[in-house]
Amino acid sequence: MRGVVVVTALAALLAVGAGGAAARPDGAAIALRPFVSGLTQPVHVAAPRNEPNRVYVVEQHGVIRVVVGGRLRAAPFLDIRHLVSSGGERGLLSVAFHPNYAKNRRLFVNYTDRNGDTRVVEYRSNGVRALPGTARRWLLVRQPYGNHNGGQLAFGPDGRLYVGMGDGGSGGDPLNHGQRPGTLHGKLLVRNVNVTTSRWQVNALGLRNPWRFSFDRVNGDLWIADVGQNAWEEVNWTPRAQLRTLRNYGWSVFEGTERYSSRQLGPGRLVEPVHVYGRGDGCSITGGFVYRGAALAEHRGRYFFGDYCSGKVWTILSGGILPRPHDPRQEPITVPRLTSFGEDARGELYATSHNGTVYRITR
């Protein structure tokens, strides 16, 4: 997420489009509606499948807020500000609820600790708030630089917990983390958190800074938005059937579809992006979700993503001519300082602005 370091004047001037719905020539109306405001640098939105009236918002400085029935609850769901180093690309970056959260009350957070290192920690809740005394560390990764921490957590269709790790920072991947097998940086990691004796495994490599990935709730396909270096932002797609195979998304041998360095590719099957865009459209991609809700019938099956710097939002058709989704289009909405998309229990989509507002994407 390069954009949280560099705040452009353009982002501050963007029109949010939170009024009436804008219609495309094909009749696909879409709009942003303010959902909750007054937040402190929101960077993630999530919800357990069993809570249709609740949405959880992650604030970068170390707090998770809960919105119940459209109203922001005053008391935080989790407050770990004393444990978190926040600023730039660091902070409390995401939350993932266990698929069986309704019964086991397990949730997992990814944050940058006071030493600048990445931690994945489990908490349990009482249904109202997370219980600090239940903290259990699952992962600690030392960070050589202050950027490219990745930060996304998500449970896959196989019930395992996935973690997106950036290449460790600086520029150009100076330590060759993306292609080097012997490090956890620049990788997509996975672990079965239902088995205490399990270990973290490298599911994929060749990532620069995967700023948001998600699994299609209908077919289990994986979508990763990877922030580029100087020229290209990219969207990567992996069908569910290939999640158990080692994949290589190319960084830092490739940036987008173009050669970036003379380095050699590491292990794994090379996966080319299904979509790229250049600096004329933005400077830091923010990944989203394949829409599976009810409010936007014309957008079902389209993958939403955007850009932090320009605020633009695009969709591509996930069910196109495989393996390349098609029909890319820019949607008539913009989100200033777009840090994340989120999905609620019903599959409706939200977009978070680092300025302090969460928007619902609707008609």
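Brief remarks on what is shown
- Condition check for ALA351: part of a loop (DSSP other than H, G, I, E, B) and either of a type in the set (D, E, K, R) or under 27 Å from GLU59 (Cα atoms) (or both): no
- Looking across segment 256-268 at every residue that is surrounded by 13 or more Cβ atoms within 10 Å (Cβ to Cβ) and touching a strand residue (DSSP E or B) at 6+ places or on another chain (Cβ under 8 Å), the one that is farthest from LEU222 (Cα to Cα) is identified as TYR260.
- Counting only strands (runs of 3 or more DSSP E) that sit completely within segment 49-116, those holding 3 or more residues that are out of contact with any His (no Cβ under 7 Å at 6 or more places or on another chain) and closer than 20 Å to ASN147 by Cβ correspond to 106-112.
- Unique match (being buried (at least 21 other Cβ atoms within 10 Å of the Cβ), under 17 Å from the mean Cα position of the chain (by Cα) and farther than 23 Å from PRO42 by Cβ) among TYR249, TYR291, TYR277: TYR249
- Test: residue in segment 46-60 that is surrounded by fewer than 17 Cβ atoms within 10 Å (Cβ to Cβ), in contact with a helix residue (DSSP H, G or I) (Cβ under 7 Å, 6 or more places away or on another chain) and either more than 15 Å from TYR123 (Cβ to Cβ) or not small (Gly, Ala, Ser) (or both): yes
- Just one of the listed residues (GLY182, GLY220, GLY172) is touching a helix residue (DSSP H, G or I) at 6+ places or on another chain (Cβ under 7 Å) and surrounded by fewer than 24 Cβ atoms within 10 Å (Cβ to Cβ), and it is GLY220.
- In segment 168-180, the residues that are closer than 9 Å to TRP251 by Cα reach residues that are buried (at least 20 other Cβ atoms within 10 Å of the Cβ) and hydrophobic (A, V, I, L, M, F, W, C) with C-beta atoms within less than 6 angstrom, at least six apart or across chains, in these pairs: GLY178/TRP251.
- Among residues of segment 84-126 being touching a helix residue (DSSP H, G or I) at 6+ places or on another chain (Cβ under 9 Å) and more than 11 Å from GLN60 (Cα to Cα), the one that is surrounded by the most Cβ atoms within 10 Å (Cβ to Cβ) is LEU107.
- Any chance PRO34 is surrounded by fewer than 16 Cβ atoms within 10 Å (Cβ to Cβ) and modelled with pLDDT under 55: no
- Filtered residues of segment 127-140 (kept if basic (Lys, Arg), surrounded by fewer than 15 Cβ atoms within 10 Å (Cβ to Cβ) and touching a residue at least 40 places away in the same chain (Cβ under 8 Å)): none
- Residues that are aromatic (Phe, Trp, Tyr) and either under 25 Å from ASP344 (Cα atoms) or part of a strand (DSSP E or B) (or both), drawn from segment 130-164: TRP138, PHE155, TYR162
- Index of the failed condition, TRP211 passing every other in (1) closer than 17 Å to ILE224 by Cα; (2) touching a Pro at 6+ places or on another chain (Cβ under 6 Å): (2)
- Close Cβ contacts (under 9 Å, 6 or more residues apart or on different chains) running from residues in segment 42-60 that are hydroxyl-bearing (Ser, Thr, Tyr) to residues that are part of a loop (DSSP other than H, G, I, E, B) comprise TYR56/ALA47; TYR56/PRO48; TYR56/PHE77.
- Meets criteria (more than 27 Å from PHE97 (Cβ to Cβ) and not basic (Lys, Arg)) for SER340: no
- Entry remark, segment 273-318: residues being outside any loop (DSSP other than H, G, I, E, B) and of a type in the set (S, T, N, Q) number 2 in total.
The values are calculated or read from the model by the stated rules, or taken from the named source; none is laboratory data. Here the structure is a predicted model, which is why all the values come from computation and not from measurement. When we count neighbours, we look across all protein chains shown, and the Cβ atoms used for this are built from the backbone with ideal geometry, even at glycine.
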